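For reference, the structure is listed below as structure tokens.
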Amino acid sequence: MAKALLFNITGGKRKKLGFLLMQYGITAVDGGPGDHNKPLSRLLGKEGYPASPALDAPFFDEMLVLDDLNAQQFRGLLNGMQMLQAPVTYKAVTTEHNLGWTPAKLYRELVAEHEAMNRR
């Protein structure tokens, strides 16, 4: 089942994303500060992924984590976000490698990637 974890996305943007997610059959899961150090797998209702033992600082930027989307859902969501002017800087897709990570660890990795790309 396709799911999207939404962190720190509120107000009008949350409504726009909620509409898009529903339109493409993607279940929205809102993550709060209390979820920042729980494994992504647990937040998505998946079992069998080892959790990375880390207590990371909470984050306050918006982040969208996509899980089990097919190509049509993925393209439609990203195109819809652009059309509705609902950008989210930090976006990720779950993988076998990162499902044991916490949202805070994933956020740190995304920030590092953005910084590295912007140095070029």
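The table below lists the values:
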quantity	calculated
Assigned charges on the beta-carbon of Lys, Arg, Asp, Glu; the chain dipole about Cα centre (debye)	320
Dipole of the chain, positive direction: furthest Cα of L20, P33, L66, with charges on the beta-carbon	L20
Relative contact order, percent, the range 3-119 [alpha-carbon distance under 8 Å, six or more residues apart]	35
Those aspartates and glutamates that a straight Cα-Cα span of less than 13 Å connects to K46, excepting residues fewer than 8 apart in one chain	D67, D68, E96
Binned Cα-Cα distance frequencies in the chain - 5 Å width, integer %	2, 11, 23, 23, 21, 14, 6, 1
Under 17 Å from K91, Cα to Cα: lysines that are on another chain or at least 8 residues apart	K3, K13, K16, K105
Within the chain, helix-based [θ] at 222 nm, where runs of 4 or more DSSP H residues each add -39,500 (n - 2.57), nearest 500	-12000 deg cm²/dmol
Residue order, fewest to most surrounding Cβ atoms within 10 angstrom, among E109, E62	E109, E62
Neighbour-count order for R108, R119, R75, fewest beta carbons within 10 angstrom listed first	R119, R75, R108
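All of the numbers you see were taken from the coordinates with simple rules; none came from a lab. From a predicted model like this one, the values you see are computed outputs, not experimental measurements. Here Cβ is always computed from backbone atoms with ideal geometry, including for glycine, and neighbour counts include all displayed protein chains.
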